[in-house]
Structures are given as structure tokens and as C-alpha cells.
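Below is one structure, written out as C-alpha cells; comments come after it.
Since every read-out is calculated from the coordinates, none of them should be taken as a lab result. Fair warning: this is a prediction, and the values are worked out from it, not measured in the lab. Here the Cβ positions follow ideal geometry from the backbone for every residue, glycine too, while neighbour counts run over all protein chains shown.
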Amino acid sequence: MKKISIIVPCYNEHETIEIFYNEVIKYLNDDNQYRIIFVNDGSKDNSLDIMKDLASKDERVLYVSFSRNFGKEAALYAGLETAYMIDSDCVIQMDVDLQDPPRLIPELIKEHDEGYNLIITRQKNRKGQSILGKIFSLGFYKVFAFVTKDKQMASGSRDYCLMDRKVLEAFLKIRDYERFTKGIYNYVGFKTKFLEFEYIDRVAGTTKWSFKKLFRYACVGLREFSRIYEYIPKIIAWLFTFLLCFDTGYGIYHAVHYDHNFFDYDMNYWSHIRFDLGMIMIFIVLFYIFRLLYEIRHQVRNRPIYICEDTNREKDINKKK
Ligand code: UDP
Ligand code: MG
């Protein structure tokens, strides 16, 4: 019998939590010991009350409630930490809106029985997405796979996955302040398998990700798992150095060849263009340097990834002792 924890991040999900619960428990058989860990990511609606109500009726339900909204990645981290504390053998991460179909749970567990440490689900198509969303996510996955050389990272990977205790421990060791699960998959390694499924619409409620939020999240992925933030300023610096060398050579040649006074070399409009280009390049490089300094400052301060305000996880931690 395995101890399996299902981690469910929730942000303003009062419409979906109960539907999710009623659906997911259909797939929890008696062969294993299950826990459903709801993480309330600072919801402003009554999501927490619904979680508490479910916990009072079903002892398999745990909840961890944040003091404010810390984001989905922080909610997943809190779920993983809780699963670790209560001694789970495996964890399954899934969204509460039923876009991650619970019917795959037995299949995920079967693959784990066959010896895979990490089983990641992947969406086959993007039927329900807007055109802008489709272009953006397809483009992002292609760029991400190219710059990170991440062979696994094919289009459509989800945070919906099963990980065993070893992978769970590795995930917890990565204490990135800005987290990106899809990059951590490849980083931690282990024996991995992909499971595919068709796109499903949200069962109720609306998406919690605006385009701006998604774009920033994509930048986190690129920053954390590729060297693109190092290479862009490097390429610009090389280009600028090359242009400067060319410019200097040309200036010397001009002065000597036309027998002009070296220091009298006229600033014509080409020189202005070259000067402006140089300044633009310097500003771009400075942007990347400041961005990296900001990241380092964030990480060095070592602030907590989340702050828990209310939870019933202690009951299972104490049981373990
Ligand atoms: N979520 C969260 N914190 C946030 C945003 C989202 O915990 O700040 C949860 C949300 O409740 C859901 C999951 O993350 O369970 C995925 O969010 P959503 O369905 O809105 O994203 P989408 O499927 O549209 O990408
Ligand atoms: Mg969703």
C-alpha cells in the first residue's frame, strides 16, 4: 500500500473545489492510502470554508491556507512540502478546474509501478485556446526547447504529474524564489515518462492567468533554465566591440590617407548614428545586468516561498510520530 498525496492549488475557486473533489474521489481505491492536499493561495472568496467543510467530512482532506496570494508555483511547493512532512511515497499535482483529468490517476500510478520516477502529462492539442494564446504558447515552447536544449520539453507539458519520493525530495531542494515546474522536471532528471491527453475546458469559473502574468511566467522559465540572459548582453557587447574596432580603423585610415589632422576628424551624421547605436546597446546590456542583480537580490534575501496562515496538516504529521 502506497501513501499518495494529491496536491491541488486553488485561487478563488469556490465554483470548482467541490466538483473536483466529487470527481477525484471516484478514482481513489482502497489499494493505496490517499490524501488530498488543497492549497488555498490567498483566495478572496470562500474557497477556504469549502476546504474546511470537506476536511471535516473526509479525513483524507488536508488544507494549507496562505496569508495572501503567492502564485501557483508557491502553492505547488507548499503542497510538496506538506506531502513530504506526512511521509508520502508519491505525489500527484493537479489543477482544481478538472483540466487535468482525474481519470488518468490510475494510469499514472500504473506507470509508477512499472518503475518510472516521474510521469508527466502532456496536452495533445490546444483546441479551446484563443489564437493569441496558441501562438504565444507554441512559440514559447519552441524557444524554450531551443535555448535550454531541453529535449523533453515538448509542446503541451502540464504541471499535472506524478512524482515519487526521490523526485519530491529533489524538487524541494530547489528553493528558487521564482519557480518554473516545467523546467525543474528536466533539471532533476530521473526515469521519466510522458502521458498524453486531449485538451479539456475548465469545468467552471475562469482562468486565473492574465496574458501579462503568463508572459512574466514564461520569462521566469527562460531566465531560470537557460543562459539566454547571459548570452544576449554578451552578443551585443561583442557586436559593439566589433563595430568600434571597425570604426577606429576607418577613422585612422581616413585621417592618414586624406592627410587630415587626426584630432580634427569631423563628426558627420554617420558618426551620430554610430554614437546612438552604441548608447542603445549599452542600455540594453545595462537592462540585463540590472535584471540579474534584482534576481540575485531576491534569492539572497532568502525569504520564504509562502506564508501559511491556517492548516490542518499537523494532524497527519503528529500521526506519523
Ligand atoms: N492558481 C493558484 N494561484 C494563482 C493562480 C492559479 O493556485 O495565483 C491555481 C488555480 O486555482 C488552478 C491552477 O492554479 O487550480 C491553474 O490555474 P488556471 O486554471 O486559472 O490556469 P490555466 O488552466 O488557465 O492556465
Ligand atoms: Mg485551468
> Residue by residue through region 85-96, which ³J(HN,Hα) values in whole Hz follow from phi under the Karplus form 6.51 cos²θ - 1.76 cosθ + 1.60 (θ = phi - 60°), with glycine and proline marked x?
Replying inline: 4, 8, 6, 6, 7, 9, 10, 10, 9, 8, 6, 7
>> Charges at C-beta only: +1 for Lys and Arg, -1 for Asp and Glu. How large is the resulting dipole of region 14-133 about its Cα centre, in Debye rounded to 20?
In response: 500
> On full extension of the chain, what length is gained from THR206 through ASP276, given 0.36 nm per residue of separation minus the C-alpha to C-alpha distance?
Replying inline: 20.6 nm
> Charges only on Cβ, +1 for Lys and Arg, -1 for Asp and Glu: so what's the dipole of the chain about the Cα centre, in debye to the nearest 20?
Replying inline: 360
> Roughly what % of DSSP beta bridges within the chain run antiparallel, to the nearest 5?
Replying inline: 30
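Extension gain ASN312-ILE174, at 0.36 nm per residue separation less the Cα-Cα distance, in nm?
47.2 nm
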> For TYR231 and VAL300 in one chain, what is 0.36 nm times their gap in residues minus the Cα-Cα distance, to one decimal in nm?
Replying inline: 22.6 nm
>> Among SER88, ALA145, MET51, whose Cα projects farthest towards the positive end of the dipole of region 1-152, with charges put on the beta-carbon of Lys, Arg (+1) and Asp, Glu (-1)?
In response: ALA145
> In what sequence, highest mean first, do 55-62, 216-223, 181-188, 6-13 appear when ranked by Cβ atoms within 10 angstrom?
Replying inline: 6-13, 181-188, 216-223, 55-62
> Residue farthest toward the positive end of the dipole of the chain, with Cβ of Lys/Arg at +1 and Asp/Glu at -1: which of HIS298, ILE184, MET281?
Replying inline: ILE184
> Ranked highest first by average number of other Cβ atoms within 10 Å, how do 102-115, 14-27 line up?
Replying inline: 14-27, 102-115
